[in-house]
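Read through the structure below, which is laid out as structure tokens, and then see the notes.
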Amino acid sequence: MSNPLTIDLDHVLSQTRGLWDELRGQRIFITGGTGFFGCWLLETFVYAVDRLDLGASAVVLTRDGGAFRLKAAHLASHPALQFHVGDVRSFSFPSGTFSHVIHAATPSTSPEPPRVLLDTIIQGTRRALEFAVHCGARKFLLASSGAVYGRQPVDVTHVSENSQGAPEPLDLRATYGEGKRVAELFCAIYAHEFGIEAKIARCFAFVGPYLPLDVHFAVGNFIRDGLAGGPIRVNGDGTPFRSYLYAADLAVWLWTILFSGASARPYNVGSEAETTILELATTVAKMFGPHVQVVVARQPNPQQPPERYVPSTKRAQGELGLRTAIGLEESIRRTVAWHRESSRLQVGT
């Protein structure tokens, strides 16, 4: 069966082809390998392994290998991938050496209480770094988050890595961002004490195949509503500003930061093309035709400036040559097409 992501995988390989040689004959370890980020890392990894004859392999930490086989059987059965069952906070160390460790376990959709979420982020990062030291890995990638900046000032259109902002420490809603701040600090400590090249990707908002449609991601919820025939429901007033990087571009950025980014130097990962949530909902609705309407729950308050969550990516552009290649409308179109094809295949089975 042909892979419906082939056009995206070709894009990723064309943008990263010159970077993969350092994985030739190597073995890497990935946490969070069965989530949204992880699926894209695995898809692009095995594609590069097959097309470039790298002879590389990956061990993927998972809590439930059976569930992943149902989700992505073609990945679960690929000979370049092995799965290691365990909790990110306490997993047993696989034997042997590894050249790279990617820590992509980012429980931003976790239903757990804040204390469990915080422990998972901090202890999970510490455990992954300890393993990197144990197995002799030279490079380590942390999938961090733009949440480390806290609330973006209303007069800052695109937040940069030099921002001194931070989450409110007594706000339980800031648990995720505070955890990621500590995770980044651990990376700096291990880079200093053990000489690991610790790369940090501060990730913002994304759209693409494998993105869950049933959690708190607005674009995923809008696509879910559209696939169901509408209406597309905006739960707030539609005024917050966001930007969305397509998953194939995300994969390009993550691999490039791992291979070529500076150690203990964070890079924002995302698109600079801002859009309001209402504009996003309208863009998604267009993909389904004029019969799908957009319903907004609340009227905007003219006295309240809109929230923003939009990165500046000048550092990634200038130092690593990264760019946004796939625009928002095309990103949504491809995501909708992938979900329709996945539903068709499920019905066919």
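The values are calculated or read from the model by the stated rules, or taken from the named source; none is laboratory data. Keep in mind it's a predicted model, so treat the numbers as computed, not measured. Here Cβ is always computed from backbone atoms with ideal geometry, including for glycine, and neighbour counts include all displayed protein chains. SASA here: full protein model, heavy atoms, side chains in, ligands and nucleic acids out. Shrake-Rupley method; radii C 1.70, N 1.55, O 1.52, S 1.80 Å.
If I go through the range 311-326 residue by residue, how many of them are open to solvent by 60 Å² or more (accessible area, probe 1.4 Å) and of a type in the set (Lys, Arg)?
Going through the range 311-326 one residue at a time, the tally reaches 2.
I'd like to verify a number: residues in the range 299-345 that are basic (Lys, Arg) and modelled with pLDDT under 95, how many?
So the count comes out to 2.
Filtering the range 164-179 down to residues that are free of Cβ contacts under 8 Å to residues at least 60 places away in the same chain and either open to solvent by less than 40 Å² (accessible area, probe 1.4 Å) or among the hydrophobic types (A, V, I, L, M, F, W, C) (or both), which residue is farthest from residue 104 (Cα to Cα)?
Within the range 164-179, the match that is farthest from residue 104 (Cα to Cα) is 170.
I'd like to check something: does the range 112-129 contain any residue that is outside any helix (DSSP H, G or I) and open to solvent by 30 Å² or more (accessible area, probe 1.4 Å)?
Yes, the range 112-129 contains a residue that is outside any helix (DSSP H, G or I) and open to solvent by 30 Å² or more (accessible area, probe 1.4 Å).
Enumerate the helices (runs of 4 or more DSSP H) found wholly within the range 1-88, keeping only those where 2 or more residues are buried (at least 19 other Cβ atoms within 10 Å of the Cβ), in contact (Cβ under 8 Å) with a residue 12 or more places away in the chain and under 20 Å from the mean Cα position of the chain (by Cα).
Of the helices (runs of 4 or more DSSP H) lying wholly inside the range 1-88, those with at least 2 residues that are buried (at least 19 other Cβ atoms within 10 Å of the Cβ), in contact (Cβ under 8 Å) with a residue 12 or more places away in the chain and under 20 Å from the mean Cα position of the chain (by Cα) span 6-16, 36-52.
Would you confirm whether or not the range 131-138 contains a residue that is outside any helix (DSSP H, G or I), at pLDDT 95 or above and surrounded by fewer than 21 Cβ atoms within 10 Å (Cβ to Cβ)?
Checked against the condition, which is being outside any helix (DSSP H, G or I), at pLDDT 95 or above and surrounded by fewer than 21 Cβ atoms within 10 Å (Cβ to Cβ), the range 131-138 yields at least one hit.
Quick check on the range 196-255: of everything there that is among the charged types (D, E, K, R) and open to solvent by less than 10 Å² (accessible area, probe 1.4 Å), which residue is nearest to residue 339 (Cα to Cα)?
Checked the range 196-255; the qualifying residue nearest to residue 339 (Cα to Cα) is 249.
Return yes when residue 173 is among the basic types (Lys, Arg) and modelled with pLDDT under 95 and no when it is not.
Against the criterion (among the basic types (Lys, Arg) and modelled with pLDDT under 95), residue 173 qualifies.
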